[in-house]
Amino acid sequence: MEGANAWRFRALSMSDGTLRALGLLVALFQHGSGRDDTGPLLVGLEESEMALNPGAAGILFDALVEASHGRQVLVTTHSPDLLDRRDIKTESLLAVVMERGQTFLGPINAAGRTILQQGLYSPRARPGTTTGQVEALAPPAFRSGV
């Protein structure tokens with residue numbers, strides 16, 4: 001390649017992880033158009049670490065935190081590289097429970113926050129984790145769907 005195309009890359013020549021990382025960064029740091037140049041107030045990311053090199057989890061976390069200063073960022077993940085970080089405040093984690101075909105999410109109760117802060121339990125999903133184990137972190141009113 002020469003001239004203006006010297007730094008042009010085709011998507012076919014990049015890994016899935018590289019393309020996914022680019023998409024995440026664009027979603028997190030996009031700007032709006034017109035008079036209001038702030039971009040979206042909420043960015044939701046599903047399994048943000050999927051297809052990324054596990055070593056990139058720290059960089060991803062830093063990007064999520066930086067983006068959250070200008071908008072609300074909602075992320076779903078099962079990644080121990082993200083969930084087991086000591087610098088994540090337990091107040092920012094939400095428990096997700098499915099009961100009778102309905103999904104509920106809400107804050108982790110005080111006992112659950114203490115357990116997580118003391119490192120007695122990890123918020124990440126482990127093989128064999130039951131709904132009951134996740135429900136133990138949720139307040140009773142939350143578990144009943146109230």
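Every number in this text was worked out from the coordinates using simple rules, so none of it is lab data. Remember, predicted model here, so these are calculated numbers, not experimental data. When we count neighbours, we look across all protein chains shown, and the Cβ atoms used for this are built from the backbone with ideal geometry, even at glycine.
If you sort the three axes of the alpha carbon gyration tensor as a ≥ b ≥ c, you get a/c of 1.5 or more for region 4-89 and a/b no higher than b/c, which makes it oblate.
Quick one: putting +1 on the C-beta of Lys and Arg, -1 on the C-beta of Asp and Glu, what dipole do you get for region 22-99 around its Cα centre, in Debye to the nearest 20? Let's see the in-between values first.
Details: 5 positive and 12 negative charges, 37 e Å.
That gives region 22-99 a dipole magnitude of about 180 debye.
Where Lys and Arg each count +1 and Asp and Glu each count -1, what net charge lies around Ala21 among other residues with Cβ under 14 Å from its Cβ? Within the 14 Å Cβ shell, the charges total -3. Provide the net charge surrounding Thr76, with neighbours chosen by a C-beta distance below 11 Å and charges set as Lys +1, Arg +1, Asp -1, Glu -1. In short, -3.
Run through region 6-63 and list the trypsin sites (Lys or Arg not before Pro) located in a DSSP loop whose Cβ has at most 10 other Cβ atoms within 10 Å. Before the final figure, lay out each step's value.
Numbers: sites: Arg8, Arg10, Arg20, Arg35; in loops: Arg8, Arg10, Arg35.
In loop regions of region 6-63 (DSSP not H, G, I, E or B), the sparsely surrounded trypsin sites (Lys or Arg not before Pro) are Arg8, Arg10, Arg35.
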